[in-house]
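This report refers to the structure that appears directly beneath it.
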Amino acid sequence: MTPAVLLLACGAIARELESLRRAGQWQHVTLRCLDPALHNRPEEIAPAVEAAILHHRGAFTHIFVAYADCGSSGALDRVLERHGIERLPGAHCYEFLAGSAAFEALAAAEPGTFYLTDFLARHFDRLVKRGLGLDRHPQLMPHYFGNYRRLVFLAQTADAELDELARGHADYLGLAYERHATGLAPLARALEARVLPWQN
């Protein structure tokens, strides 16, 4: 029998998606993830997603894309419209991880906010320090982060080690630190409304 649903996702939320898939016993869902480093090259997200859709399409009855726009400036939506495929709502993963209302409140309280997720807290050195070249050119720090005032850690799990890492990243960037516990409920709700109807 052809598997029901391919969840084509950003690798930055792979751990969270797999946790939800197992907890919800979504046996009709197969998870495939793209390189999370695409977020440093957002113009490559739409072509990479389209290539994956074309590669996997014949093997699944449905495909759902677990990305937000993620800096693609609408290019991802144009690809998905062409293929008749839906994605998660929102401009970026911070919105669907926190929930739209909570994220809007955070953004309104301080527009100059840099956000971390569990994944970014773990991989900050690779994706931010080295990814932006700050390890080699620390003089670039004001150009990247000069307009930020605080770092908000959107914590999907209760993990003291991650909290400590996130606080250290805030110190490194010279930003005030706040932790906002999101859990996985906002992401679960967004997925269940779109993936569960395809369950056999």
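The values are calculated or read from the model by the stated rules, or taken from the named source; none is laboratory data. The structure presented is a predicted model; accordingly, all values stated were derived computationally and were not measured. Here the Cβ is made from the backbone with ideal geometry for all residues, glycine too, and neighbour counts use every protein chain on show.
Check Y148, Y115 and return the single one that is of a type in the set (F, W, Y), modelled with pLDDT of 95 or more and out of contact with any Gly (no Cβ under 8 Å at 6 or more places or on another chain).
Details: Y148 fails: out of contact with any Gly (no Cβ under 8 Å at 6 or more places or on another chain).
It is Y115.
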### Query
Does I53 meet the test of being closer than 24 Å to L184 by Cα and either in contact (Cβ under 8 Å) with a residue 40 or more places away in the chain or assigned by TED's automatic domain parsing to the domain that holds L20 (or both)?
no
### Query
Which members of region 173-200 meet the condition of being of a type in the set (S, T, N, Q) and crowded, with 17+ Cβ neighbours inside 10 Å?
T182
### Query
Does D35 satisfy the condition of being within 30 Å of P142 (Cα to Cα) and loosely packed, with under 15 Cβ neighbours inside 10 Å?
yes
### Query
Scanning for something assigned to a helix (DSSP H, G or I), within 18 Å of L20 (Cβ to Cβ) and over 20 Å from the mean Cα position of the chain (by Cα), does region 182-196 turn up at least one residue?
yes
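Yes or no: S19 of a type in the set (S, T, N, Q), exposed (fewer than 15 other Cβ atoms within 10 Å of the Cβ) and at pLDDT 90 or above?
Spelling it out, it is not the case that S19 is of a type in the set (S, T, N, Q), exposed (fewer than 15 other Cβ atoms within 10 Å of the Cβ) and at pLDDT 90 or above.
Please state which one of G133, G90 is surrounded by 17 or more Cβ atoms within 10 Å (Cβ to Cβ) and not in a helix (DSSP H, G or I).
Of the residues listed, the single one that is surrounded by 17 or more Cβ atoms within 10 Å (Cβ to Cβ) and not in a helix (DSSP H, G or I) is G90.
With F114, F103, F96 as the choices, which residue is touching a residue at least 40 places away in the same chain (Cβ under 8 Å) and part of a helix (DSSP H, G or I)?
Only one candidate qualifies: F96.
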### Message
With the structure loaded, tell me whether L154 is of a type in the set (A, V, I, L, M), farther than 21 Å from E43 by Cα, touching a residue at least 24 places away in the same chain (Cβ under 8 Å) and not in a helix (DSSP H, G or I) or whether it fails that test.
### Response
yes
### Task
For L80, state whether it is in contact with a Phe, Trp or Tyr (Cβ under 8 Å, 6 or more places away or on another chain) and surrounded by 18 or more Cβ atoms within 10 Å (Cβ to Cβ).
no
### Query
How many of the residues in region 44-84 are assigned to a helix (DSSP H, G or I) and either among the hydrophobic types (A, V, I, L, M, F, W, C) or closer than 24 Å to D125 by Cβ (or both)?
14
### Query
more than 29 Å from A46 (Cβ to Cβ), in contact with a helix residue (DSSP H, G or I) (Cβ under 9 Å, 6 or more places away or on another chain) and free of Cβ contacts under 8 Å to residues at least 12 places away in the same chain - does that describe any residue in region 163-170?
yes
### Message
What's the total number of residues in region 49-73 that are surrounded by fewer than 16 Cβ atoms within 10 Å (Cβ to Cβ) and either of a type in the set (V, I, T) or in contact with a helix residue (DSSP H, G or I) (Cβ under 9 Å, 6 or more places away or on another chain) (or both)?
### Response
4
### Query
Quick one: would you say A170 is under 21 Å from the mean Cα position of the chain (by Cα), surrounded by fewer than 16 Cβ atoms within 10 Å (Cβ to Cβ), assigned to a helix (DSSP H, G or I) and of a type outside the set (D, E, K, R)?
no
### Query
Can you tell me which of L97, L34, L88, L76 is of a type outside the set (S, T, Y) and in contact with an Asp or Glu (Cβ under 7 Å, 6 or more places away or on another chain)?
L76
